[in-house]
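Shown next, in structure tokens, is the structure this report addresses.
The values are calculated or read from the model by the stated rules, or taken from the named source; none is laboratory data. Since we're looking at a predicted model, the values are computed, not measured. Here the Cβ positions follow ideal geometry from the backbone for every residue, glycine too, while neighbour counts run over all protein chains shown. Side chains included, ligands, DNA and RNA excluded: accessible areas come from the protein's heavy atoms. Shrake-Rupley method; radii C 1.70, N 1.55, O 1.52, S 1.80 Å.
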Amino acid sequence: MRLRERISKPGRPVVVYEILPPRIVDGTIDSYAERISTLLSRTHIDAINIPEVHAEESRGARPIEEAKRAEPREFGRMIQDSVGIEAIVNRVTVLETPETQIEWFRTTHDEYGIDNIVLVGGESGQIDYPGPSVSESSSIIEDLNIRNGAEIFRGGICLPSRKIESQRLLRKGNDGIEFFTTQVLYCSEDICKMLGHYDRLCSHSGQGPKRVLLSFAPISTEKNLSFLKWLGVEVPVETEQYIIQKESKIKERSIEVSIGVLEEILSHIEEEGIMVPIGLNIEHIMSYNFSHSVEMLQKMSKIYRSFCLNSSLYGETG
């Protein structure tokens, strides 16, 4: 069953693993393929999610030195060819002209064989970007799908802490976005509110809600935490203090906190009868966090899959 079919079946669990493209060093890409093979031998995932990271001025100085990395779609093609699992490639839409983006979408599908693309917008509405918005890019892809017989499946990003985010989800869903991945979560309050608002908006509009993949990532050092915050992840002060309070326990506590956040979200969904399908997106952030992220994936996937199996909200798993 293809990823798009799994995502479209509300009760079916969907678990995705997010990994940065490898640094351009001899042998690194092959070693990453071996890592993914090891991951697949230890737990089930439905796709590999590959982000595209750009350092915009609004973020300030990058806390970790930037390394030149392989192109996400090149890495995605290698993963699909060598490991045999579907790749999702993220694309920041606003940084290139519409003409450049059209060609990028076409070649990503036709030449790289990648069908799943997450469209990412700009970081600030105050910047005059040269490229199309997420909704405009979705329309471009829809046109490619119709004219060229392509089968590009579109996803988007959601930021639970952003005002009226639920309305953005509804609008993007109408514009052809079929699923969303959240920012990394270290607090349940904003995402619970957003899911509730989105559920009600969909109910009132008669539109079926799109699946939302909940993103989590382990932290093993204070530098990890600084990088996550630079990326825009919101970590409550008391949570941050608890995690870094004891250096030898940072990893364990970050996983403990993440599990607690997931359980709070799942309880809220069940108690409120929220019909928004959810999934998991586990990130590793840094290469040395690989084993920690696998541990997080195994523990959280078990909790999530149990919820999907026992919840009556979404009907048959299909």
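Would you say residue 135 is touching a strand residue (DSSP E or B) at 6+ places or on another chain (Cβ under 9 Å), open to solvent by 20 Å² or more (accessible area, probe 1.4 Å), in contact (Cβ under 8 Å) with a residue 24 or more places away in the chain and more than 26 Å from residue 264 (Cα to Cα)? Yes: the conditions hold for residue 135.
How many residues does region 89-114 contain that are on the phi < 0 side of the Ramachandran plot and not in a helix (DSSP H, G or I)? Residues that pass the stated criteria total 12.
Would you check if there is a residue in region 206-215 being open to solvent by less than 20 Å² (accessible area, probe 1.4 Å), among the small types (Gly, Ala, Ser) and within 21 Å of residue 123 (Cβ to Cβ)? Yes: one or more hits.
Filter region 149-168 for residues that are touching a residue at least 24 places away in the same chain (Cβ under 8 Å) and open to solvent by 80 Å² or more (accessible area, probe 1.4 Å) and give the result.
151, 167
Flag not set for residue 31, criterion: among the hydroxyl-bearing types (Ser, Thr, Tyr), modelled with pLDDT under 75, closer than 27 Å to residue 212 by Cβ and open to solvent by 10 Å² or more (accessible area, probe 1.4 Å).
On the stretch given as region 249-276, residues that are in a loop (DSSP other than H, G, I, E, B) and surrounded by 15 or more Cβ atoms within 10 Å (Cβ to Cβ) total 3.
Here residue 219 fulfils each of the conditions (1) open to solvent by 10 Å² or more (accessible area, probe 1.4 Å); (2) among the β-branched types (Val, Ile, Thr); (3) not in a helix (DSSP H, G or I) apart from (1). Check whether at least one residue in region 293-306 is modelled with pLDDT of 95 or more, aliphatic (A, V, I, L, M) and more than 20 Å from the chain's Cα centre (by Cα), and report yes or no. Among the residues of region 293-306, not one is modelled with pLDDT of 95 or more, aliphatic (A, V, I, L, M) and more than 20 Å from the chain's Cα centre (by Cα), which makes the answer no.
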